[in-house]
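Trainee: One structure, pasted below without further comment.
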Amino acid sequence: MKTTSRLLGLCLSLSMLFALPACSGGQSASSAPSETTPAPTESSAAEESHYPVTVTTYNQNGEEAEQTLPNVPSGW
């Protein structure tokens, strides 16, 4: 009985020890990027535009349905 309760206590302690880092949610300082990327300007954003975009999806009957987006949808 003593051995079982000690083993149970050890297992619970180890599980709490390994679960603790999972709850931290933050990044460590070593994984943070050392340089920041500058924000794109309007001219570079216009040059890198990939629009119009054609998206192919399937409807409820399994048939292909294409939709062409001329620019970025509003709200993005």
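Trainee: At what distance in nm do the modelled label points of Val53 and Ser74 sit from each other, each positioned 7 Å from its Cα along Cα→Cβ?
Mentor: For the pair Val53/Ser74, the computed spacing is 1.9 nm.
Trainee: Let me ask another. Would you kindly state how much longer the chain becomes between Glu66 and Leu10 on full extension, computed as 0.36 nm times their sequence separation minus their alpha carbon distance, in nm to one decimal?
Mentor: 14.3 nm
Trainee: Just reorder Leu14, Leu69 by solvent-accessible area, largest first, 1.4 Å probe, all chains present.
Mentor: Values: Leu14 75, Leu69 50 Å².
Descending accessible area places them as Leu14, Leu69.
The values are calculated or read from the model by the stated rules, or taken from the named source; none is laboratory data. Bear in mind the structure is a predicted one, so any value in this text is a computation, not a measurement. Cβ atoms come from the backbone with ideal geometry, glycine included; neighbour counts cover every protein chain shown. Accessible surface is based on the protein model in full, side chains and every heavy atom, while ligands, DNA and RNA are left aside. Shrake-Rupley method; radii C 1.70, N 1.55, O 1.52, S 1.80 Å.
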